[in-house]
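Participant: Sharing a structure here in structure tokens format.
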Amino acid sequence: LAGYLVLTVLHANDAACVYRRFLDIGVEAVLAQNAIRLAITQRLFKRICKACAETIDIPKDLLEISQIVPNPDCPDVTFKKGRGCDACKGTGYKGRMAVVETLPNCPAISELIMKDATAEEIKRAGMARGMRTMRQNALAQAGSGVISLEEVLRNTPPD
């Protein structure tokens, strides 16, 4: 509010929960809606080992039943897994990568903050304005063969 850029860390399940968290810790709604410009959440995912990565075939009906919808911007979906080799010490994974979810503040989000909306309401408003969830972003990485589908399911809540 005073013109300073402040980066802070707090525990929240997703980007929408960040806005609620500020209210829960006692920040007045009018201050929160004016001060927060962007909420980002991140999780680290294990990368598939490039040396032993192999393509796996997952039937489309199984993906639909599991409500797994890869990124529509990426038509060439190729799920992979690591077989395990000397390079990854038999794990099938080598290294990590961050997958993020971002929710910029906008007039609609500010209005919800002032109305003491739930995190779910804030999330729906963000998604209506194009926000991609952590799971959607992780699925895009899994669909391009960087992380495994198992990692996505283990580390992200359903949308």
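Participant: Looking only at the stretch 84-98, decide whether some residue is within 14 Å of the chain's Cα centre (by Cα) and in contact (Cβ under 8 Å) with a residue 12 or more places away in the chain. Don't jump to the end; show me each part of the working.
Facilitator: Applying the first criterion (within 14 Å of the chain's Cα centre (by Cα)) to the stretch 84-98 yields 97-98.
Now drop any that are not in contact (Cβ under 8 Å) with a residue 12 or more places away in the chain, which leaves 97-98.
Checking the stretch 84-98: at least one residue is within 14 Å of the chain's Cα centre (by Cα) and in contact (Cβ under 8 Å) with a residue 12 or more places away in the chain.
Participant: Any idea which of (1) under 25 Å from Glu64 (Cα atoms); (2) part of a loop (DSSP other than H, G, I, E, B); (3) out of contact with any Phe, Trp or Tyr (no Cβ under 9 Å at 6 or more places or on another chain) is the one Asn137 doesn't satisfy?
Facilitator: So Asn137 meets the others, but not (2).
Participant: On the given criteria, is Thr41 outside any helix (DSSP H, G or I) and surrounded by 17 or more Cβ atoms within 10 Å (Cβ to Cβ)?
Facilitator: Details: outside any helix (DSSP H, G or I): yes; surrounded by 17 or more Cβ atoms within 10 Å (Cβ to Cβ): yes.
So Thr41 fits the description; yes.
Participant: Just wondering, is there one or more residues in the stretch 93-104 that are small (Gly, Ala, Ser) and under 30 Å from Val27 (Cβ atoms)? Spell out the reasoning first.
Facilitator: Let us first name the residues in the stretch 93-104 that are small (Gly, Ala, Ser), namely 95, 98.
Narrowing further to those that are under 30 Å from Val27 (Cβ atoms): 98.
There is at least one residue in the stretch 93-104 that is small (Gly, Ala, Ser) and under 30 Å from Val27 (Cβ atoms).
Participant: Still on this structure, I have one more. Inside the stretch 44-68, can you point out the residues that are part of a loop (DSSP other than H, G, I, E, B), at pLDDT 95 or above and open to solvent by less than 60 Å² (accessible area, probe 1.4 Å)? Explain how you work it out, then say what you get.
Facilitator: Kept after step one, since they are part of a loop (DSSP other than H, G, I, E, B), are these residues of the stretch 44-68: 49-52, 56-59, 66-68.
Keeping just the survivors that are at pLDDT 95 or above gives 49-52.
Within the stretch 44-68, Cys49, Cys52 meet the criteria.
Participant: Got a sec? Which of Thr156, Thr133, Thr118 is surrounded by fewer than 18 Cβ atoms within 10 Å (Cβ to Cβ) and hydroxyl-bearing (Ser, Thr, Tyr)?
Facilitator: Numbers: Thr156 fails: surrounded by fewer than 18 Cβ atoms within 10 Å (Cβ to Cβ); Thr133 fails: surrounded by fewer than 18 Cβ atoms within 10 Å (Cβ to Cβ).
Answer to the check: Thr118.
Participant: Kindly provide the set of residues from the stretch 118-131 that are without any contact (Cβ under 8 Å) to a residue 60 or more places away in the chain and either assigned to a loop (DSSP other than H, G, I, E, B) or among the aliphatic types (A, V, I, L, M) (or both), ordered by number.
Facilitator: Those that are without any contact (Cβ under 8 Å) to a residue 60 or more places away in the chain and either assigned to a loop (DSSP other than H, G, I, E, B) or among the aliphatic types (A, V, I, L, M) (or both): Ala125, Met127, Ala128, Arg129, Gly130.
Participant: Among the numbered criteria (1) under 18 Å from Val18 (Cα atoms); (2) open to solvent by 10 Å² or more (accessible area, probe 1.4 Å); (3) out of contact with any Phe, Trp or Tyr (no Cβ under 9 Å at 6 or more places or on another chain), which one does Asn105 miss?
Facilitator: (3)
Participant: Do you know which of the residues in the stretch 1-22 that are out of contact with any Gly (no Cβ under 8 Å at 6 or more places or on another chain) and crowded, with 17+ Cβ neighbours inside 10 Å is nearest to Val99 (Cα to Cα)? Break it down stepwise before answering.
Facilitator: Of all residues in the stretch 1-22, those out of contact with any Gly (no Cβ under 8 Å at 6 or more places or on another chain) come to 1-14, 17-22.
If we keep only those that are crowded, with 17+ Cβ neighbours inside 10 Å as well, we get 12, 14, 17-22.
Numbers: Ala12: 15, Asp14: 12, Cys17: 17, Val18: 17, Tyr19: 20, Arg20: 21, Arg21: 21, Phe22: 23 Å.
Among them, the one singled out is Asp14.
Participant: Further, regarding this structure: Within the stretch 90-102, does at least one residue satisfy the condition of being at pLDDT 95 or above, basic (Lys, Arg) and either in a helix (DSSP H, G or I) or surrounded by fewer than 20 Cβ atoms within 10 Å (Cβ to Cβ) (or both)?
Facilitator: Yes; the residues of the stretch 90-102 include at least one that is at pLDDT 95 or above, basic (Lys, Arg) and either in a helix (DSSP H, G or I) or surrounded by fewer than 20 Cβ atoms within 10 Å (Cβ to Cβ) (or both).
Participant: Sticking with this one: I'm trying to understand the selection: among the residues of the stretch 1-46, which are in contact with a Lys or Arg (Cβ under 7 Å, 6 or more places away or on another chain) and without any contact (Cβ under 8 Å) to a residue 24 or more places away in the chain? Can you show your working first?
Facilitator: Taking the stretch 1-46 as the starting set, the residues that turn out to be in contact with a Lys or Arg (Cβ under 7 Å, 6 or more places away or on another chain) are 10, 12, 14, 16, 44-46.
Of everything in the stretch 1-46, just one residue is in contact with a Lys or Arg (Cβ under 7 Å, 6 or more places away or on another chain) and without any contact (Cβ under 8 Å) to a residue 24 or more places away in the chain, namely Leu10.
The values are calculated or read from the model by the stated rules, or taken from the named source; none is laboratory data. Remember, predicted model here, so these are calculated numbers, not experimental data. Counting neighbours? That spans all protein chains shown, and the Cβs are built from the backbone with ideal geometry, glycine included. In case anyone asks, the SASA skips ligands and DNA or RNA and just uses the protein heavy atoms, side chains included. Shrake-Rupley method; radii C 1.70, N 1.55, O 1.52, S 1.80 Å.
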